[in-house]
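Notes follow once the structure below has been shown.
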Amino acid sequence: MTNLNHYLKELMVYIPEGEICLRDFQNEQKWISSNYKFGMPGIRKNLKEVIWNVEIKPFYLAKYTVTEDLYAIIMGKKFSITTMDQKPIVNVSWIDAVKFCNSLSDVLGYDKYYDCDQNSKSVVCNHSSNGFRLPTDAEWQYACKAKSKGYRYGEINEIAWYKDNSNEHVHNVGEKAPNDWGLHDMIGNVWEWCWDLYDEKIFGNYRIIRGGSWAEEERGCGATCRRKSMPDFFIDDIGFRIARSII
């Protein structure tokens, strides 16, 4: 356990307070009676740009995404941290990520951040908890940019594994250059689950993923790129990064 505590102490990076401007293009669905064809109504999807500012309180964010090694230890499949299994854990759903955060908090004696029902279909945050959690959408983008102004915090081949340089597979964490706050792989390698719903009105319980991956085109690997997926979905280019509130 001492080894694990030391690892996590080195892993978590202090993110200072600040503000971030978020923007997204959301769908507005409208039924159009003139598009009836074979008895089926047509749907027109209008894109509406939404812009909002979010104040960010100081918090901790992991410098790397959760690795296979750490995930195996916390979920009871391994007993010590090594330097051998430093690939990001993938094929994990949003639900899996929430369960991991609670398990890690439990192992280290922190209060659990999430209250879940038996199947983790209903998840409620305990905002007064000092336990581990997923970053919010706003926290993720704020930390990724680290006060930089562009779409990325550096030249893509220096900071990210993506379709053109990954040789079609995931890579060990930390091999590319970090941003100015010491965070690695915020762009590329694996998409990262965030806490937030994408657009509840249109997409229900779909959750946000951020950052792009080893399989993604260059245009999809950026600080402001936002995608969505079902909370029980998993695939070989989605992982996650842990955060902690400062209480």
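The figures follow:
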| quantity | calculated |
| --- | --- |
| Residue satisfying condition, being touching a residue at least 24 places away in the same chain (Cβ under 8 Å) and among the polar types (S, T, N, Q), within set Asn179, Asn167, Asn157 | Asn179 |
| So Val66, is it surrounded by 15 or more Cβ atoms within 10 Å (Cβ to Cβ), farther than 20 Å from Leu104 by Cβ and either touching a helix residue (DSSP H, G or I) at 6+ places or on another chain (Cβ under 9 Å) or modelled with pLDDT under 80 (or both) | no |
| Region 95-111 residues that are among the polar types (S, T, N, Q), paired with ones that are part of a helix (DSSP H, G or I) (beta carbon under 7 Å, 6 or more apart) | Ser103/Ile74 |
| Elements of type strands (runs of 3 or more DSSP E) contained in region 139-247, each with 3 or more residues being under 11 Å from the mean Cα position of the chain (by Cα) | 191-197, 207-210, 226-229 |
| Some residue of region 224-239 being over 16 Å from Asp137 (Cα atoms) and touching a Gly at 6+ places or on another chain (Cβ under 8 Å) | no |
| Subset tally (residues that are at pLDDT below 50, among the small types (Gly, Ala, Ser) and surrounded by 10 or more Cβ atoms within 10 Å (Cβ to Cβ)) for region 1-54 | 1 |
| Residue in region 187-230 that is surrounded by the fewest Cβ atoms within 10 Å (Cβ to Cβ), counting only those that are modelled with pLDDT of 95 or more and acidic (Asp, Glu) | Glu217 |
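The values are calculated or read from the model by the stated rules, or taken from the named source; none is laboratory data. Here the structure is a predicted model, which is why all the values come from computation and not from measurement. So basically every Cβ, Gly included, is an ideal-geometry build from the backbone, and we count neighbours across all protein chains shown.
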